Amino acid sequence: MIRRIAVAVVAVALIVCGICSTAVSGRTLEQYRAAQSQPATVRSASAGATADGDDGNGSSSRGGSSSDGTAADSENTGDAADSSDTKNGADSSKTTADGKTDGKSDAKTDTKDADIAATLASDDKAKPLTDDEKNAIRSRARATAQEAAANTGGAPLSYTYCLRTKGDVGNTTAFANIVFSTLNDPKGWPRAGATFEQVADADCGLADMDIILSQAQYMTSFSSYCSVEYSCRVGQEVIINDDRWDGGVDAWLDAGGTLSRYREMVINHEVGHRLGHIDNETTCAGAGQPAPLMQEQSMHLDGCVANEWPLDHELWIG
């Protein structure tokens, strides 16, 4: 009887153990399946949660993931995305923290844009110089040129030029006025003993030089050495890039120049080539000093201030 009871107890114990083992195995299998069904990014974030930055992207050290794993997913998509996010964040912080710098930049841009707009508006209203106005300009230029020639023991030089255009550059009244007044300004080439006179269209073939306002897209048609970005001189052709005429160059304007002054600079510079000068024959002599006229100021000021007139050492004609 006792043996039967013992056998029954053992049998019951075995059955109970079997049931418990099955339940534990079932739970383990469910946990394993659930783990396998989770997204890989969440698994990666979970695995690295105990060690900040171990994933190589520094996601944990930057605040970890959100409860739904979204940030962790974006941080673990790759180093390129992480780098981009970091740079964007840094730029945004810099902008917020450095309000004074940004304010100055905005103010400078506003001033520059206002200057350009005012200059272009003035172009639209321009009327041809009257004979009296031209005579007054000529008189001052000739007096300056004669004095300069006397000081060097030479004779004044008179150059003729023809005005031309290429492409759609709009009304050229302002262009004609500015070319004449700039070339004959006592601060300019008259100090080297030269004066300038525009000829009638019928006499363009006899002029010493052609001064041409050209659309940017046609600049390279004059020479492969010309650029759609800047003005240039080819032989007796002085070609002014219309984009530069209407907008100058940001760096030059940001350095304190105005569009009107830029126009004077580019006219004097390119005509300077026609007179025998070359680019960068002299360059900036020191920070804060006027840039030489023949320095390529549209490309670099090198610490000098913007300058539209020939310096004393540039007052020669080859």
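No value in this document is a laboratory result; all are computed from the given coordinates. What you see is a predicted model; the values in this text were computed from it and never measured. Glycine gets a Cβ as well: all are built from the backbone with ideal geometry, and neighbour counts include every protein chain shown.
Restricting attention to region 297-315, and to residues there that are out of contact with any helix residue (DSSP H, G or I) (no Cβ under 8 Å at 6 or more places or on another chain) and under 16 Å from residue 261 (Cβ atoms), which single residue is surrounded by the most Cβ atoms within 10 Å (Cβ to Cβ)? Among those residues, the one meeting the criterion is 304.
Evaluate region 233-248: report whether one residue or more is assigned to a loop (DSSP other than H, G, I, E, B), touching a residue at least 60 places away in the same chain (Cβ under 8 Å) and out of contact with any Leu (no Cβ under 6 Å at 6 or more places or on another chain). No, every residue in region 233-248 fails to be assigned to a loop (DSSP other than H, G, I, E, B), touching a residue at least 60 places away in the same chain (Cβ under 8 Å) and out of contact with any Leu (no Cβ under 6 Å at 6 or more places or on another chain).
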